[in-house]
There are 2 protein chains.
Amino acid sequence: MTVVALKAQTAERVRGVAAMLEEEIVLGWLMPRERLIEEELAERLAVKRHVVREALAELERVGLVERVPNRGAFVKLLDPVEVRQIYLVREALETLAAEQISLSAPDELLLRLEEIQGAHSAAVASGDARAAFRANMAFHEALFAACGNPHLVELIQTMAQKVHGARSITAASAEHLSRARDEHFGMIEAIKAGDRDQLVALCRQHLGPSRDAYIAAVEPRFVRAKSTGA
Amino acid sequence: MTVVALKAQTAERVRGVAAMLEEEIVLGWLMPRERLIEEELAERLAVKRHVVREALAELERVGLVERVPNRGAFVKLLDPVEVRQIYLVREALETLAAEQISLSAPDELLLRLEEIQGAHSAAVASGDARAAFRANMAFHEALFAACGNPHLVELIQTMAQKVHGARSITAASAEHLSRARDEHFGMIEAIKAGDRDQLVALCRQHLGPSRDAYIAAVEPRFVRAKSTGA
DNA sequence: TTCGGCATAATTGTTGACAATCCTGTTGCC
DNA sequence: GGCAACAGGATTGTCAACAATTATGCCGAA
């Protein structure tokens with residue numbers, strides 16, 4: 001318990017910067033098409049340009065930003081077609097995981113989920129979008145980690161990250177947040193009751209709303225853009 | 001069609017170096033636990049250290065290499081438990097993809113698959129492990145790309161990469177290579193016949209042998225290592 | 001006005017030198 | 001002989017200057 005966690009090395013700082021930028025994208029602070037200038041970010045986040053550079057590369061791999069050589073990085077605007085494809089895969093992966101969550105000895109899991117959900121509910125009640133986002137991530141990570149296959153969990157997180165750019169629409173919406181809260185409680189109940197079908201069904205339904213909200217918000221623009229020809 | 005493809009930028013060179021190292025690992029040139037020294041690789045591959053550095057970071061993300069801060073990178077020795085978990089996920093993903101491959105208008109696909117498989121068969125016949133490996137990758141990429149969901153394809157490739165370190169055992173084995181060749185032809189036939197169940201079954205079976213070979217080869221060592229306590 | 005070319009500024013890409021860290025073999029002390 | 005402290009070398013991590021590229025604004029000519 002020493003307080004000497006100082007001197008983080010580059011790799012960790014890169015993750016930190018990437019996470020920070022990711023949050024700002026999810027919360028709508030950084031909008032699609034917005035330019036991300038290395039030096040500017042470096043100064044704002046109090047790190048060297050080198051670190052920002054790697055963080056941007058990471059976000060590019062994940063699919064949250066786009067980078068063109070010698071021209072820099074932008075927040076990526078997700079194509080609804082892509083979003084649909086990603087959600088299809090997410091559904092398959094999360095269903096697979098939900099089917100493998102052990103329902104026999106879930107005491108520790110339940111405790112942890114309820115604790116996280118407490119934080120989530122509080123964040124929703126107080127309208128703290130950032131805290132809600134973090135608690136939401138933690139909830140899903142804890143839930144799916146219970147499937148026992150870390151590689152599957154990793155894939156689930158990767159795919160979730162990919163559509164984070166599509167979540168600024170729902171991330172601050174009171175309606176969506178409270179719906180998510182209710183569904184989380186439903187999942188906890190399903191685990192308590194040992195009702196696997198219910199759990200799987202809830203996980204699947206849980207994905208729909210934010211996907212649909214994004215597509216409804218963005219599809220018209222895309223159709224227009226394509227018919228306009230640019 | 002200008003021949004001016006020169007001046008690749010860092011990002012591409014990184015991919016190149018990573019691919020090179022990956023091949024050397026798969027083919028058993030680089031063995032597990034072997035140290036990967038940045039400067040040494042930089043000289044051998046005629047790139048700057050910086051490029052090697054990023055390539056190693058990438059291979060670490062993928063799971064082929066392990067890196068500890070200030071100590072460098074090693075070829076990762078895969079734990080059989082992990083290998084089993086990864087193959088479980090691979091089975092799910094590849095089944096999912098195989099179920100979505102369109103069997104209605106497969107002419108172009110069949111042509112491409114047969115062309116690639118020609119190369120694969122030739123490589124197997126001549127015992128060229130590297131060419132066989134490349135053709136094998138190309139075959140699976142072309143096959144699964146036909147599922148129409150690029151994000152699913154990406155995931156499949158990611159998971160395949162993860163166990164590349166476990167393939168040095170089968171990558172040069174004539175027995176395994178010819179078995180793979182026969183199974184590839186089987187898949188082509190299944191697509192021709194429009195027999196989806198057969199195609200899915202073949203994809204699933206196709207995964208087993210190399211997994212089992214690795215586990216059989218390595219598990220004893222791991223059991224011993226663990227019971228020995230180190 | 002509008003267009004093409006040119007100078008300038010803004011930004012990214014690359015490099016090599018330097019600093020920090022860790023392993024190894026050795027010395028000196030108990 | 002065994003062990004701790006200590007140099008020396010090998011390797012990785014950090015940085016800031018420099019080079020290369022692209023965008024922008026300006027000017028003059030048709």
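Values computed for the structure shown
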quantity	calculated
Per-region count, region A:127-163, residues farther than 24 Å from B:L78 by Cβ and within 14 Å of another protein chain (Cβ to nearest Cβ)	4
Only listed residue being under 30 Å from B:E82 (Cα atoms), without any contact (Cβ under 8 Å) to a residue 60 or more places away in the chain and surrounded by fewer than 16 Cβ atoms within 10 Å (Cβ to Cβ), chosen from A:L103, A:L111, A:L202	A:L111
Single match in A:V89, A:V65 (criterion: crowded, with 21+ Cβ neighbours inside 10 Å and under 22 Å from A:L27 (Cα atoms))	A:V65
Failed criterion for B:N70 (all others in (1) facing chain A (nearest Cβ under 10 Å); (2) at pLDDT 95 or above hold)	(2)
Qualifying residue in region A:73-82 (condition: more than 22 Å from the chain's Cα centre (by Cα), within 14 Å of chain B (Cβ to nearest Cβ) and either within 14 Å of DNA strand D (Cβ to nearest atom) or surrounded by fewer than 17 Cβ atoms within 10 Å (Cβ to Cβ) (or both))	no
Members of region B:34-61 that are near DNA strand D (Cβ under 10 Å from one of its atoms) and either β-branched (V, I, T) or surrounded by 15 or more Cβ atoms within 10 Å (Cβ to Cβ) (or both)	B:L36, B:I37, B:E38, B:L41, B:A42, B:V52, B:R53, B:L56, B:A57
From the options B:A190, B:A142, B:A217, residue that is loosely packed, with under 15 Cβ neighbours inside 10 Å, assigned to a helix (DSSP H, G or I), aliphatic (A, V, I, L, M) and out of contact with any His (no Cβ under 9 Å at 6 or more places or on another chain)	B:A217
Region B:157-179, subset buried (at least 20 other Cβ atoms within 10 Å of the Cβ) and free of Cβ contacts under 8 Å to residues at least 60 places away in the same chain, residue farthest from the chain's Cα centre (by Cα)	B:L177
Subset of region B:40-56 (residues that are of a type in the set (D, E, K, R) and without any contact (Cβ under 8 Å) to a residue 12 or more places away in the chain)	B:E40, B:E43, B:R44, B:K48, B:R49
Residue satisfying condition, being away from DNA strand D (no atom under 14 Å from the Cβ) and either touching a Pro at 6+ places or on another chain (Cβ under 6 Å) or assigned by TED's automatic domain parsing to the domain that holds A:A213 (or both), within set A:I25, A:I86	A:I86
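The values are calculated or read from the model by the stated rules, or taken from the named source; none is laboratory data. Predicted model, so just to flag it, every value in this text is computed and none were measured. Counting neighbours? That spans all protein chains shown, and the Cβs are built from the backbone with ideal geometry, glycine included.
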